[in-house]
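All remarks here apply to the structure that follows.
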Amino acid sequence: MKHFDSIIFDLDGTLWDTSETCAKAWNNALVELEITDRQVTAEGIRSVTGMPFYVCVKTLFSDLDTALVGELADRIDTLERLHLTAAGGLIYDGVLEGIKRLAEHYELSIISNCQSWYLQLFLEQSGLRAYFAESTCHGDSRIAKSEMIADLCRTRALSNPIYIGDTMGDQIASLKAGVSFGHARYGFGNSDASTAAFNTFSVLLEYFLHRNSDQRGDQRG
C-alpha cells in the first residue's frame with residue numbers, strides 16, 4: 001500500500017461551494033454593465049470552476065468583446081468579494097473537523113486556480129489556516145496548477161503527495177506534475193483516472209485515517 005506523506009487539496013468543489021453566492025454577484029455585475037440579454041446560474045459557475053478566474057469569465061462570455069470581458073471580470077471580482085465576505089461559502093460536511101484530524105497525520109496544503117483574496121477568505125472564514133502548511137493560488141503565482149503542484153513538492157520536499165480535486169482539469173494537472181490524484185466525486189466534475197475516489201468528505205477522511213493506521217501497523221510489523 002502506497003504511503004502518502006502529504007495531501008494537497010483543491011478548493012472549490014473539494015472543500016467548499018460558493019456557486020450560489022457567486023452567481024448572484026455575476027448577475028449583479030451584468031446588470032451594472034447593462035448586459036441584459038443573459039443570466040448566470042450556479043450550474044454555470046460550477047461548469048467553469050477550476051479554471052483561472054479570467055478564463056472562467058471569458059469562457060462563459062466568449063461572444064463579448066475582449067475589452068468588455070475585461071471590464072466585466074473586474075466588476076465581478078469586486079462584487080464576488082463583497083458578496084462572499086458577507087455571506088460566506090458552503091463548507092462541505094465533515095471538512096472543518098476532518099482537516100484538523102488529517103493534519104495530525106499528514107502535511108496538508110491547498111493549491112487552487114482562484115484569486116488571492118478568495119483563498120484568504122476561505123482560510124479566514126473556515127478557521128483552518130493553521131492546519132495547512134502551505135496555501136497558494138493562481139492569483140498569487142500566475143502559473144499553471146501543474147506547475148504550482150510541482151513547485152510545492154520541491155519546496156516542501158514531498159516524496160509521495162496526493163492531490164485531491166473534483167475536475168478533469170485537476171486530474172490532468174496532478175498527473176502532469178507527477179502526483180497521485182484523488183477524485184472528490186461530491187464536487188463539480190468528473191475523472192477517468194484516480195488513485196482513489198470519494199463520494200463525501202467523510203469517506204475521504206476515513207480512507208486516509210485508515211491508511212495511516214495501516215502504515216503504522218506495517219512499521220510495527
Per-pair calculated FRET efficiency, R0 = 41 Å: ASN212 and THR85 via Cβ, rounded to 0.05: 0.70
Part-to-part distance (alpha-carbon centres) for region 144-160 and region 1-80, which is given in Å: 25
Calculated diffusion of region 19-87, Stokes-Einstein form, Kirkwood radius summed over Cα pairs, 4 °C and 1.567 mPa s, µm²/s: 109
FRET efficiency estimate (nearest 0.05) - Cβ-Cβ, MET168 to ASP93, R0 25 angstrom: 0.55
Relative contact order (%) - criterion: Cα under 8 Å, at least six apart; region: the chain: 26
Amide H within-cut-off set for ILE91, under 5 Å, with H built and near neighbours excluded: ASP17
Derived scalar couplings ³J(HN,Hα) [region 138-143; Karplus, 6.51 cos²θ - 1.76 cosθ + 1.60; whole Hz; x for Gly, Pro]: 4, x, 8, 8, 6, 10
Dipole axis of the chain (+1 Lys, Arg; -1 Asp, Glu on Cβ), positive-most option in ASN212, GLN39, THR59: ASN212
Lysine pairs within the chain, Cα separation less than 21 Å, 8 or more sequence positions apart or different chains: 4
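With the Cα gyration tensor of the chain in hand, convert its eigenvalues to equivalent ellipsoid semi-axes via √(5λ) and list them largest first in whole Å. Spell out each step's value before the answer.
Details: eigenvalues 221, 57, 45 Å².
Rounded to whole Å, the semi-axes are 33, 17, 15.
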Residue (of ALA103, GLN125, ALA86) at the positive-pole extreme of the chain, dipole from beta-carbon charges: ALA103
Amide H within-cut-off set for SER112, under 5 Å, with H built and near neighbours excluded: THR136, CYS137, HIS138
Highest to lowest packing among 86-93, 103-110, scored as the average C-beta count within 10 Å: 103-110, 86-93
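Every number here is computed from the coordinates shown, using simple stated rules; none is lab data. Bear in mind the structure is a predicted one, so any value in this text is a computation, not a measurement. Don't worry about glycine lacking a Cβ; one is built from the backbone with ideal geometry, like all the others, and counts go over all protein chains shown.
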